[in-house]
Amino acid sequence: MSLLSPRLQLKVSQKQILTPGLVQMVTVLHLNRLELKEMITQEIVKNPVLEEATEEAGEEITPEELTPLLEAEQEHSTDSADRQILEMAVLSDANTPDGTAGDLAINGNLMPDAEERAAAVPEPDALPTSDALLEPPAVTDPFDEIDFGSFFDDYLDPGYKSPSSEPVEKPSFETFLSAPMTLGDHLRSQLSVCIVSERVRDAAESIIGNLDEDGYLTASLDEIATAGEHTAEEVEEALRVVQSLDPAGVGARSVKECLLLEIESVNGKDGVAWQIVSDHLRLVETRQYKEIARLLGRPMEHVEIAVRMIQHLNPRPGLRYSGAGARVVEPDVSFIKDGDDYIIQMNDEDVPQLRLNAQYRKMLDRENGATKEVRDYVRERYTSAIQLMKNIEQRKQTILKVCQAIVRRQTEFLSHGLDHLKPMMIKEVAEEVGVHPSTVSRAVASKYVHTPQGVFELRYFFSEAVQGPLGGSTPLLLLKRMVKKMIDDEDRSKPLTDDQITTMLQGQGINVTRRTVAKYREDMKIPSTHQRRVRG
């Protein structure tokens, strides 16, 4: 019988560990243009040695200057690393206002030897005399150190203060920003002007609180009555009040009730459209319009007008208040046509350009009295800043290489349109660029490109090829467009079956199966043959 007891065990294993620099590089590569701008702004706030390069600022640090410094960081000791970063900071501020390189360089050498240091020591004659050291400091008037203005303001209240002396609390800038109107806010604003009893108003508030994002009531009336201690009559009256509010159809408990409420809002109650939705909605789904006309005893023209009206109704009335807002898209790259070639241009005009702040270089020098903690902190900040600048440049180069591979493979698409899109795999581009496929996937994630054919997501250009001897060069996206076009052009009374579509595609040299066509049709949310048929 073995007993549990602490023991030491020695083993050798290998595991991959991501360094903070590598994690940052992967994170930066995945960011789009807007996210990169926000990240750079946050880093400038957190890192004091980072600053935005402007025309008024000094000389900017290029990636070529950063590479030797990063290599020196790995090869030298702590003191040597201090001097290498110090050299980097001096390079960024080489031209001072008086034209010299600063007090840290001796004869233009940032790292002088012992002889140069000895030669730079001032002669004894140049040292200040003892008389100069013994001179008493200038006498200052103690009254100059008193702030009489603050004294009178704090201790002598004249009973009146001018408006300029009183602190004015200005409203926050956030109060001027418009907040999106939610469905609940929109309904409550209308409920506040409705003339109803307080009990019914409370029940209506409970009903509004139980609406989903589409505007449907998710709780039963009995549950609302029990939770709010209301009577059944009060809850039913509150439901009628909510259903009378805008948008029409809100507060419904089913799709049929929602459509009926919308028809009633336009004074269409008991009309043809009302009767069709109330009693024959299933026949509308199967497009049996002649059967509807026979059951209602109405002409076919009346039924067709009513069906067109039903098709324009909104089965999700609350979505325009609860749906996601408009997404802001700014292209990260532009493909500009120049003759027969295309120029790839990064859209980084308003992305802050970083440089190192050379003012902190003195804190790395022991002679300036900086403690070890201060030198370590400044060195760590410089190293972090240089790593960020290197990762941003690496992101730019990776995206440019991926875009160059896209342009070489999709030239016909850029010139003639979507019908000339070619199949392209992420793995193939990764092998051409010389990186891992996951790197290409991050480089194209959430990034958009402006082309002569419009704005597209970079991932849009990657599409699998249709399997088969003749269909190997047909991209999946183009095949789906062909299937959709065939269905759009079909005879509604005799819609195409999946087998017929398969035969037509095989006749064009695309070797696909019926199951593949059915899968593509379902991906595009196209109904089946039975549901698309219009019975005459």
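Here are some notes:
Rundown of residues vs (1) assigned by TED's automatic domain parsing to the domain that holds residue 495; (2) at pLDDT 85 or above; (3) under 30 Å from residue 529 (Cβ atoms), yes/no style:
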| residue | (1), (2), (3) |
| --- | --- |
| 268 | no, no, no |
| 275 | no, yes, yes |
| 278 | no, yes, yes |
| 288 | no, no, yes |
| 296 | no, yes, yes |
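- In region 335-356, the residues that are closer than 15 Å to residue 447 by Cα form Cβ pairs under 7 Å with partners that are surrounded by 16 or more Cβ atoms within 10 Å (Cβ to Cβ) and small (Gly, Ala, Ser), at six or more places apart or across chains, as follows: 345/334; 347/334.
- Restricting region 488-507 to residues that are of a type outside the set (Asp, Glu) and without any contact (Cβ under 8 Å) to a residue 12 or more places away in the chain, the residue that is farthest from residue 475 (Cα to Cα): 500
- Scanning region 425-444 for residues that are touching a residue at least 24 places away in the same chain (Cβ under 8 Å), in contact with an Asp or Glu (Cβ under 9 Å, 6 or more places away or on another chain) and surrounded by fewer than 21 Cβ atoms within 10 Å (Cβ to Cβ) yields a count of 1.
- Top-ranked residue of region 267-300 - restricted to ones that are over 17 Å from residue 315 (Cα atoms) and of a type in the set (Ser, Thr, Tyr), ranked as surrounded by the most Cβ atoms within 10 Å (Cβ to Cβ): 289
- Across region 317-332, not a single residue is classified as without any contact (Cβ under 8 Å) to a residue 60 or more places away in the chain, assigned to a helix (DSSP H, G or I) and touching a helix residue (DSSP H, G or I) at 6+ places or on another chain (Cβ under 6 Å).
- Some residue of region 380-402 being in a loop (DSSP other than H, G, I, E, B) and farther than 20 Å from residue 42 by Cα: no
- Among (1) within 30 Å of residue 409 (Cα to Cα); (2) part of a helix (DSSP H, G or I) - the single one residue 336 does not satisfy: (2)
- Scope region 198-207; condition in contact (Cβ under 8 Å) with a residue 24 or more places away in the chain and of a type in the set (Asp, Glu); matching residues: 202
- So residue 351, is it of a type in the set (Val, Ile, Thr) and assigned to a loop (DSSP other than H, G, I, E, B): yes
- In the set 55, 75, 43, 71, only one residue is touching a Leu at 6+ places or on another chain (Cβ under 9 Å) and either modelled with pLDDT under 85 or not basic (Lys, Arg) (or both); that residue is 43.
This table checks each residue for (1) under 38 Å from the mean Cα position of the chain (by Cα); (2) of a type in the set (Asp, Glu).
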site	(1), (2)
217	yes, no
228	no, no
232	no, no
247	yes, no
258	yes, no
263	no, no
267	no, no
274	no, no
279	no, yes
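- When region 220-241 is filtered for residues that are crowded, with 17+ Cβ neighbours inside 10 Å and within 17 Å of residue 254 (Cα to Cα), the ones remaining, listed by number, are 221, 239.
- Residues of region 520-536 that are surrounded by 12 or more Cβ atoms within 10 Å (Cβ to Cβ) and without any contact (Cβ under 8 Å) to a residue 12 or more places away in the chain: 527, 528.
- Among the criteria (1) at pLDDT below 80; (2) over 30 Å from residue 53 (Cα atoms); (3) not basic (Lys, Arg), the one residue 328 does not fulfil is (2).
- If you go through region 181-207 and keep only what is in contact with a Ser or Thr (Cβ under 8 Å, 6 or more places away or on another chain) and not in a helix (DSSP H, G or I), you end up with just 182.
The values are calculated or read from the model by the stated rules, or taken from the named source; none is laboratory data. Note that the coordinates shown come from a computational prediction; the quantities given were computed from them, not determined experimentally. In this analysis, Cβ positions are derived from the backbone assuming ideal geometry, glycine residues included, and neighbour counts consider all displayed protein chains.
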